[in-house]
1. How far is it, in nm, from the label point at Met413 to the one at Arg181 when both lie 7 Å from their Cα along the line to the Cβ?
2. Students sometimes get this wrong: rank Ser477, Ser137, Ser68 by accessible area, probe 1.4 Å, all chains present, largest first.
3. State the three equivalent ellipsoid semi-axes of the range 164-233, derived from the C-alpha gyration tensor as the square roots of 5 times its eigenvalues, in descending order and whole Å.
4. Test of understanding: extend the Cα→C-beta vector of His24 to 7 Å, then name every residue of the range 37-80 with backbone N under 14 Å from that spot.
Amino acid sequence: MQSRTSIEDQVRLCQKRIDLEGWHLTEVYADHGISGATLSRPGYRKLTEDARNGVFDILLAESIDRLSRDQEHIAALYKLLTYRSIPLVTVAEGEISELHIGLKGTMSALYLKDLAQKTHRGLEGRVRKKRSAGGVSYGYDVVRTLGSDGMPTTGERVINEEEASIVRQVFGQFASGRSPRAIAAALNLQGIDGPRGTAWGASTIYGNWRRGTGLLNNELYAGKLVWNRQRFVKDPDTGRRQARPNPPEQWIVEEVPDLRIVEEDLWNEVKARQTETRSQIVVDQGPIRSERARRPRHLFSGIIECGVCGGGFILVNKHQYGCANVRNRGTCANRLTMRRDSLEDAVLDGLRDSLLHPDLVAEFVGEYQREWNRLRGEENAVRQRHDAELQKVDRQIANIVTAVKNGLHSEAMGEELRSLEDRKRQLKQAQPTAPEPPRLHPGLAELYRRKVTDLRASLNDDALKAEAAERLRSLLSAIRMIPENGRLRIELVGELAAILALGELGMQKGPSLATEALSITLVAGVGFEPTTFRL
């Protein structure tokens, strides 16, 4: 925030002293817009280098704090100049001695500390008023208005609906199982600019959950303004700022429901997936094992286990699943193998038949209606916020027009009126259409049957397979491969098995989860009695 003429003003004052003393100007050392509390200044480094090489006989500055505001740095510089017999002279204090170095250095350091405290206090006051303490997040626009004193207001924001829709899209895709890298690549492919007009990256989306960075960790999207999450300290060796987290009790949190972009259910779903991912890659506060967060290569990778020894069933060659303990240790007697495609076909074919039970069709119809109503409710909420702001702008315009009619007029009023008219045009252009009234799709049952029939195609669809596989795997805690009469019997364990089995119990004779060479057993998972249903 240095004045553009600050350096020139200092040089002019020093030049007057040079002319008065009859000295000759050898070199000007200047660092524009760089804090005097750091040594990472090209001009300062050249100054010390030239002092060692005897380039100049006297060092002149406007005051000591123009050289440095750090006690250690100014003392080191004075020691260097004294060793080289170079007097340090300032326009404000005259020739500098050890007394000046001690007193002025301390005063400069205290000034910096006091300035930081006052700045922090001012920013906290702004946050307490539910305003931004600096910067603007993706999904919001800065509002430029004039206060009652004629001065521009700061920290006001409104939702940018175009960017907000991208935020919701990112949250929805991550919750459905897509990785940040895949989401970023898709956004870049669509030509959608990221924050600050740059390209999207995985870190832009995922960020750092401890520091609250990244789209998925920005609590403003959930209607919470969080400030003072971290502080910055300067490395004495490099002069670079390092972020240090503050304890949660020092955070300032303000509710700002008008700025909410992501609904509570979606926000919680994303947080749950982040927590699950972190639990996989961080074990007992040990090192991060990023490889554990990699997406499974095949549909059932990682959840297939041997029914004899409990070890994992892995790909022992390009196509065959087999017991890992047989291959790696030779400690298991289950030497049977099964082709990967045969396993997936057997499980998916069995699921397809069981999912066509009338009770599950009815559940699909009900869930479809609930999701339809939720989406329409979100659209209606956005429209209501938009209409409320438009009405507010209309009232403010009308008040100014009324004041002008009554003989009141000022330049500030004219600027405010132009700003409001611009905002009104923006709102008109972005006005959302009225949501459709709730209705029931006439062919929902047939739609469900068609989707289930095409289950394998859905799991191989690039647009759906990530979410579909994630949901399917979340309902299966294990797939056990149990040797029986020279063949492998497949046992599904988990909530999905319980759901399918409960549907089968109400039927006299239902479809069998079996192929010509395979049979499948369903074992109820968490929340159900651990009964095995043999179909």
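The values are calculated or read from the model by the stated rules, or taken from the named source; none is laboratory data. The structure presented is a predicted model; accordingly, all values stated were derived computationally and were not measured. No Cβ is skipped: glycine too gets one built from the backbone with ideal geometry, and neighbour counts run over all protein chains shown. For accessibility, only protein heavy atoms count, side chains too; no ligands or nucleic acids. Shrake-Rupley method; radii C 1.70, N 1.55, O 1.52, S 1.80 Å.
1. So the label points at Met413 and Arg181 sit 6.1 nm apart.
2. From most accessible down to least: Ser477, Ser137, Ser68.
3. Details: eigenvalues 97, 37, 27 Å².
After diagonalising the Cα gyration tensor, the semi-axes are 22, 14, 12 Å.
4. Answer for the range 37-80: 55-58.
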